[in-house]
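Enquirer: Attaching a single structure in structure tokens format; questions to follow.
The values are calculated or read from the model by the stated rules, or taken from the named source; none is laboratory data. It should be emphasised that the depicted structure is a prediction, and the values quoted were computed from it without experimental measurement. Glycine gets a Cβ as well: all are built from the backbone with ideal geometry, and neighbour counts include every protein chain shown. Surface areas here come from the heavy atoms of the whole protein model, side chains and all, with no ligands, DNA or RNA. Shrake-Rupley method; radii C 1.70, N 1.55, O 1.52, S 1.80 Å.
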Amino acid sequence: MTRMTKHIGIVGCSAEGAALCYKTICTESPDILGAHAHPEVSMHTHSLADYVKCLDDNNLAGIGELMLSSAAKLKQQGADFVICPDNTIHQAFDYVKSRSPLPWLHIAEVVVASAKARGFRRLGILGTRWLVESEVYPEKIESSGLGWQRPEAAETAEIGRIIMEELVYGIFKPESVAYFQQVIKGLKDKGCDAVILGCTEIPLIINDDNSVLPTLNSNRLLALAAIAEATGGQPSI
């Protein structure tokens with residue numbers, strides 16, 4: 001008999017990040033539920049271009065409407081709760097939270113909880129320019145009593161370019177990996193003891209094996225939190 005689980009809804013934004021989250025849910029669940037088993041999963045994605053236009057216009061209300069539209073469609077598909085494997089658009093989370101037809105897991109809350117549980121004290125933040133310059137992570141980090149550090153402005157711009165011109169298209173260049181590694185080393189030199197992979201495509205090229213700092217993989221941590229929510233268990237850290 002299949003164990004009863006909650007139905008996970010994924011509000012997708014970029015294809016690579018959403019696909020990796022979905023795959024992680026499906027491949028990690030058998031450790032809990034048994035061979036080949038995973039919770040029911042549905043996904044809805046608006047065009048990434050719609051989100052990018054809102055981001056360029058600093059239109060958080062527009063982002064929120066897109067997220068709410070996806071949540072409503074996922075509720076119609078039977079989802080019990082939703083996640084969004086995209087850090088950047090969590091800038092609109094406060095707009096969404098009170099109006100959503102379904103409860104959400106917040107990606108930054110999941111990541112920071114893992115960081116605190118693992119004993120890290122100062123976190124470097126990597127991601128798109130929109131994300132790194134926002135308060136999505138600083139607010140959650142500071143409320144947990146931890147410290148944080150952004151890269152330099154030029155580094156943030158180049159990382160954002162790599163994400164939006166390469167990673168979201170599934171393009172992985174050795175020189176881009178090397179650039180990320182250089183920026184992470186700079187964050188270590190500034191006192192960080194871990195780095196947040198705050199774009200859900202970054203884990204496609206950076207991980208604990210090629211980073212001088214321990215990584216906090218926002219995509220995988222969110223997927224594991226969703227599995228825990230769906231199965232009534234505790235999320236892995």
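Enquirer: When you go through S143, S218 one by one, which is the residue that is at pLDDT 95 or above and farther than 20 Å from Y22 by Cβ?
Expert: Working: S218 fails: farther than 20 Å from Y22 by Cβ.
Answer to the selection: S143.
Enquirer: Output the residues belonging to the stretch 6-44 that are open to solvent by 40 Å² or more (accessible area, probe 1.4 Å), over 12 Å from I83 (Cα atoms) and of a type outside the set (A, V, I, L, M).
Expert: Listed by number, the residues that qualify are K6, E16, K23, T27, E28, D31, H36, H38, E40.
Enquirer: So E229 ticks every box in (1) open to solvent by 10 Å² or more (accessible area, probe 1.4 Å); (2) of a type outside the set (G, A, S); (3) touching a helix residue (DSSP H, G or I) at 6+ places or on another chain (Cβ under 6 Å) but one. Which box is left unticked?
Expert: Going through (1) open to solvent by 10 Å² or more (accessible area, probe 1.4 Å); (2) of a type outside the set (G, A, S); (3) touching a helix residue (DSSP H, G or I) at 6+ places or on another chain (Cβ under 6 Å) one by one, E229 breaks only (3).
Enquirer: Would you point out which residue out of A92, A113, A108, A79 is in contact with a strand residue (DSSP E or B) (Cβ under 9 Å, 6 or more places away or on another chain), among the small types (G, A, S) and under 29 Å from I162 (Cβ atoms)? First the steps, then the outcome.
Expert: Working: A92 fails: in contact with a strand residue (DSSP E or B) (Cβ under 9 Å, 6 or more places away or on another chain); A113 fails: in contact with a strand residue (DSSP E or B) (Cβ under 9 Å, 6 or more places away or on another chain); A79 fails: under 29 Å from I162 (Cβ atoms).
Answer to the selection: A108.
Enquirer: Any idea which residue in the stretch 150-177 is most open to solvent (accessible area, probe 1.4 Å), counting only those that are closer than 15 Å to I125 by Cα and outside any helix (DSSP H, G or I)? Give the derivation first.
Expert: At the first step, the residues of the stretch 150-177 found to be closer than 15 Å to I125 by Cα are 150-160, 163.
Going one step further and asking which of them are outside any helix (DSSP H, G or I), we end up with 150-152.
Numbers: R150: 60, P151: 15, E152: 98 Å².
My answer is E152.
Enquirer: Going through the stretch 178-206 one residue at a time, which ones are farther than 26 Å from D56 by Cα, open to solvent by 10 Å² or more (accessible area, probe 1.4 Å) and in a helix (DSSP H, G or I)?
Expert: Once the filter is applied, which keeps residues that are farther than 26 Å from D56 by Cα, open to solvent by 10 Å² or more (accessible area, probe 1.4 Å) and in a helix (DSSP H, G or I), the stretch 178-206 yields A178, Q181, Q182, K185, G186, K188, D189.
Enquirer: May I ask you to list the residues in the stretch 74-90 that are surrounded by fewer than 20 Cβ atoms within 10 Å (Cβ to Cβ) and in contact with a helix residue (DSSP H, G or I) (Cβ under 8 Å, 6 or more places away or on another chain)?
Expert: D80, F81
Enquirer: What pairs come out if I take residues in the stretch 91-102 that are in contact (Cβ under 8 Å) with a residue 12 or more places away in the chain and under 15 Å from C13 (Cα atoms) and pair them with residues that are hydroxyl-bearing (S, T, Y) and not in a helix (DSSP H, G or I) whose C-beta lies under 7 Å away, six or more apart or interchain?
Expert: Short answer, once both residue conditions are applied: Q91/S134.
Enquirer: Separate question: So if I check each of G232, G127, which one is of a type in the set (G, A, S) and at pLDDT below 95?
Expert: Numbers: G127 fails: at pLDDT below 95.
Only one candidate passes the filter, namely G232.
Enquirer: Here's something else I'd like to know. Do any residues in the stretch 42-61 that are hydrophobic (A, V, I, L, M, F, W, C) have Cβ atoms under 7 Å from those of residues that are open to solvent by 70 Å² or more (accessible area, probe 1.4 Å), where the two are at least six apart or on different chains, and which pairs are they?
Expert: From residues that are hydrophobic (A, V, I, L, M, F, W, C), the pairs are M43/Y22; L60/Y95; A61/Y95.
Every residue, every condition in (1) over 19 Å from the mean Cα position of the chain (by Cα); (2) open to solvent by less than 50 Å² (accessible area, probe 1.4 Å), yes or no:
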{"position": "Y51", "(1), (2)": "no, yes"}
{"position": "G62", "(1), (2)": "yes, yes"}
{"position": "A72", "(1), (2)": "yes, yes"}
{"position": "V96", "(1), (2)": "no, yes"}
{"position": "V110", "(1), (2)": "no, yes"}
{"position": "R121", "(1), (2)": "yes, no"}
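Enquirer: Do you know which residues across the stretch 1-37 are farther than 30 Å from E165 by Cβ and either in contact with a Pro (Cβ under 7 Å, 6 or more places away or on another chain) or of a type in the set (V, I, T) (or both)?
Expert: T2, T5, K6, H7, I8, S29, I32, H36, A37
Enquirer: Being among the small types (G, A, S), free of Cβ contacts under 8 Å to residues at least 40 places away in the same chain and closer than 25 Å to L48 by Cβ: is that true of A157 here?
Expert: For A157, the condition - among the small types (G, A, S), free of Cβ contacts under 8 Å to residues at least 40 places away in the same chain and closer than 25 Å to L48 by Cβ - is met.
Enquirer: Determine if the stretch 120-131 includes at least one residue that is in a loop (DSSP other than H, G, I, E, B) and over 23 Å from L60 (Cβ atoms).
Expert: Taking the stretch 120-131 as the starting set, the residues that turn out to be in a loop (DSSP other than H, G, I, E, B) are 120-121, 127-128.
Those still in the list that are over 23 Å from L60 (Cβ atoms) too: 120-121.
Checking the stretch 120-131: at least one residue is in a loop (DSSP other than H, G, I, E, B) and over 23 Å from L60 (Cβ atoms).
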